[in-house]
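Q: Submitted below is the structure of interest, expressed as structure tokens.
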Amino acid sequence: MSKHKSQRDDLSAVRRTASSRPAETHSAAGSAAGFTYQFGRAIWWLATKPGSFSVAIETLDDVFVESADGSAVLEQDKYSTRDIGQHVSDRAVALWKTLANWLGMFAGGNRDYACLLVTNRPVPSDSLIRRISDTHAQDAVNAVVAELREIAAQPTETIRPYAEAVRSAPRDVLATLVLAIRLASSDSANTEWEGLREEALDALHVPSSLHAHGPSLLDEVLGWLVDCCMQAWRRGVPAKITSQAFNNAFHRAIDRRRRQYSRERPPAKVPLTAEDLKGQATSTYVKQLDLIHAQQNELDNAICDCLRYGKEVLRLTNTGEYTGQDWKAFEDELEQRWERIFARLQRLNASEEESQRGYRTFHETTDDYRARLQGQETDHQYFSAGAYHRLADQLDVGWHPRFRELLTDGGRDGSEI
């Protein structure tokens with residue numbers, strides 16, 4: 001029998017003992033918030049704990065953290081959406097149910113666990129759970145064990161089944177459990193939802209260029225974590241996430257976000273104004289298209305592509321992700337590609353009219369092509385096409401076989417257009 005199966009059997013026995021307890025009532029919102037809080041705690045562990053480990057949800061406990069060296073933490077989460085009341089008062093069902101569950105684990109012979117009770121509410125300094133958490137010396141252990149047994153001997157009806165499990169536990173098991181328990185409450189630790197997120201983000205070291213997007217990055221990996229757990233539960237297996245899988249998921253989220261904000265935007269996201277369009281019709285790159293008798297819609301598209309390319313180059317440079325050297329390499333690659341296309345089509349179509357040859361060159365060069373920027377293919381065709389038009393504006397590339405001759409000083413009167 002596996003270690004975990006034995007523990008599940010022990011826990012089941014404790015739960016069967018408690019089967020006669022009165023039904024507990026919780027609001028739907030409170031239950032949903034409590035369940036969501038477990039995912040927040042799992043994210044906190046995955047983000048802040050160093051080394052190789054795994055985090056499981058609803059496996060052995062609310063959250064179960066197991067390190068590569070075999071050490072583990074059983075975590076019970078007590079989340080409240082109300083600002084009044086006390087989850088873990090001395091005779092609270094939540095406290096005694098937790099103690100009984102943990103005793104079920106320890107009674108199976110697995111006593112190397114650390115036990116962590118987490119609540120987003122403050123806990124009074126004179127409370128039983130606080131005394132348990134602060135217990136380190138043997139004398140203090142004896143006193144707490146005696147207090148637990150005293151309460152268990154005269155329980156309220158609501159805690160009776162759990163108190164019986166505590167009262168009947170061997171003294172050495174109970175003492176070992178007391179030493180293993182620690183408390184994290186809102187008055188001694190950062191246990192509120194917002195605080196957990198802040199600590200997780202601090203530990204994850206989000207790149208400065210994406211710092212403003214940190215919360216949404218965390219939401220993205222939280223969604224990934226929920227999906228992983230749902231898939232595991234549907235298959236009937238423990239929902240366990242390794243630290244390496246989490247790190248991979250987070251870095252994928254960063255890469256996607258960096259691409260979203262540090263790559264060219266879709267054309268619809270790069271608006272153009274009437275002021276932008278002013279004067280473009282007399283630009284050299286438009287004259288290049290006139291030489292090959294491009295249609296009006298092709299002229300309009302070229303103007304929009306060229307303007308959007310210029311706007312995105314400025315925006316992307318300002319992100320700090322790209323330098324002048326990156327843009328030079330990008331445009332050099334485009335120019336070298338054009339040279340190959342231009343030379344090939346001039347030779348293969350030498351019998352065609354010059355404007356028709358130029359029209360072929362234009363479309364083969366700009367249609368459905370996305371050049372690579374910093375080694376990655378760009379996302380939108382307009383970006384490479386716009387770059388070609390900017391190069392055409394500088395006469396570094398062209399479409400008509402004699403574009404330089406016709407558009408330099410001798411040909412700028414437009415007599416052949």
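The values are calculated or read from the model by the stated rules, or taken from the named source; none is laboratory data. Quick caveat, the model's predicted, so the values are computed rather than measured. Glycine gets a Cβ as well: all are built from the backbone with ideal geometry, and neighbour counts include every protein chain shown.
Q: Mind listing whichever residues of region 182-214 are among the hydroxyl-bearing types (S, T, Y) and in contact (Cβ under 8 Å) with a residue 24 or more places away in the chain?
A: S185, S186, S188, T191, S209
Q: Something else now. Hey, K328 hits all of (1) under 24 Å from E377 (Cβ atoms); (2) part of a loop (DSSP other than H, G, I, E, B) but one; which does it fall short on?
A: (2)
Q: Are any residues in region 268-287 in a helix (DSSP H, G or I), touching an Asp or Glu at 6+ places or on another chain (Cβ under 9 Å) and under 13 Å from C304 (Cβ atoms), and if so, which ones?
A: Y285, V286
Q: Please specify each residue of region 178-188 satisfying the condition of being assigned to a helix (DSSP H, G or I) and closer than 18 Å to R91 by Cβ.
A: Listed by number, the list holds a single entry, V178.
Q: Let me ask something else about it. I want to confirm something. Restricting to region 313-325 and keeping residues that are crowded, with 16+ Cβ neighbours inside 10 Å and in a helix (DSSP H, G or I), which single residue is modelled with the lowest pLDDT?
A: Among those that are crowded, with 16+ Cβ neighbours inside 10 Å and in a helix (DSSP H, G or I), it is L316.
Q: Being within 27 Å of L103 (Cα to Cα), outside any strand (DSSP E or B) and either assigned by TED's automatic domain parsing to the domain that holds T135 or in contact with a Ser or Thr (Cβ under 8 Å, 6 or more places away or on another chain) (or both) is true for just one of L201, L174, L196. Which residue is that?
A: L174
Q: Let me ask another. Scanning for something touching a Gly at 6+ places or on another chain (Cβ under 9 Å), part of a helix (DSSP H, G or I) and more than 30 Å from D112 (Cα to Cα), does region 228-247 turn up at least one residue?
A: Checked region 228-247: no residue is touching a Gly at 6+ places or on another chain (Cβ under 9 Å), part of a helix (DSSP H, G or I) and more than 30 Å from D112 (Cα to Cα).
Q: Right, another one. Tell me which residues, restricted to region 171-181, are exposed (fewer than 13 other Cβ atoms within 10 Å of the Cβ) and in contact (Cβ under 8 Å) with a residue 60 or more places away in the chain.
A: Across region 171-181, there are no qualifying residues.
Q: Tell me which residues, restricted to region 289-312, are assigned to a helix (DSSP H, G or I) and farther than 19 Å from P271 by Cα.
A: L289, D290, L291, Q296
Q: Anything in region 215-239 that is over 24 Å from E58 (Cα atoms) and either loosely packed, with under 13 Cβ neighbours inside 10 Å or free of Cβ contacts under 8 Å to residues at least 24 places away in the same chain (or both)? List them, or say none.
A: Once the filter is applied, which keeps residues that are over 24 Å from E58 (Cα atoms) and either loosely packed, with under 13 Cβ neighbours inside 10 Å or free of Cβ contacts under 8 Å to residues at least 24 places away in the same chain (or both), region 215-239 yields P215, S216.
Q: Could we say that S80 is within 17 Å of D187 (Cβ to Cβ), crowded, with 17+ Cβ neighbours inside 10 Å and either modelled with pLDDT of 95 or more or among the small types (G, A, S) (or both) here?
A: Taking the combined requirement at face value, the residue satisfies it.
Q: Taking G279 as meeting all but one of (1) touching a helix residue (DSSP H, G or I) at 6+ places or on another chain (Cβ under 9 Å); (2) modelled with pLDDT under 95, write down the number of the exception.
A: Just one mismatch for G279, condition (1).
Q: Taking region 153-169 only, how many residues are touching a residue at least 40 places away in the same chain (Cβ under 8 Å) and not β-branched (V, I, T)?
A: Of the residues in that region, 9 qualify.
For every residue, the table says whether it meets (1) crowded, with 18+ Cβ neighbours inside 10 Å; (2) touching a strand residue (DSSP E or B) at 6+ places or on another chain (Cβ under 7 Å); (3) outside the structural domain of A56 (by TED's automatic domain parsing); (4) not in a loop (DSSP other than H, G, I, E, B).
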position: V88; (1), (2), (3), (4): yes, yes, no, no
position: V123; (1), (2), (3), (4): yes, yes, no, no
position: I132; (1), (2), (3), (4): yes, yes, no, yes
position: R149; (1), (2), (3), (4): no, no, no, yes
position: N190; (1), (2), (3), (4): no, no, no, no
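Q: Among residues belonging to region 153-171 that are assigned to a helix (DSSP H, G or I) and under 15 Å from N101 (Cα atoms), point out the one that is nearest to the chain's Cα centre (by Cα).
A: Y162
Matching residues to (1) surrounded by 21 or more Cβ atoms within 10 Å (Cβ to Cβ); (2) modelled with pLDDT of 95 or more; (3) part of a helix (DSSP H, G or I):
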site: E352; (1), (2), (3): no, no, no
site: R357; (1), (2), (3): yes, yes, yes
site: R360; (1), (2), (3): no, yes, yes
site: H363; (1), (2), (3): no, yes, yes
site: Y369; (1), (2), (3): no, yes, no
site: Y382; (1), (2), (3): yes, yes, yes
site: S415; (1), (2), (3): no, no, no
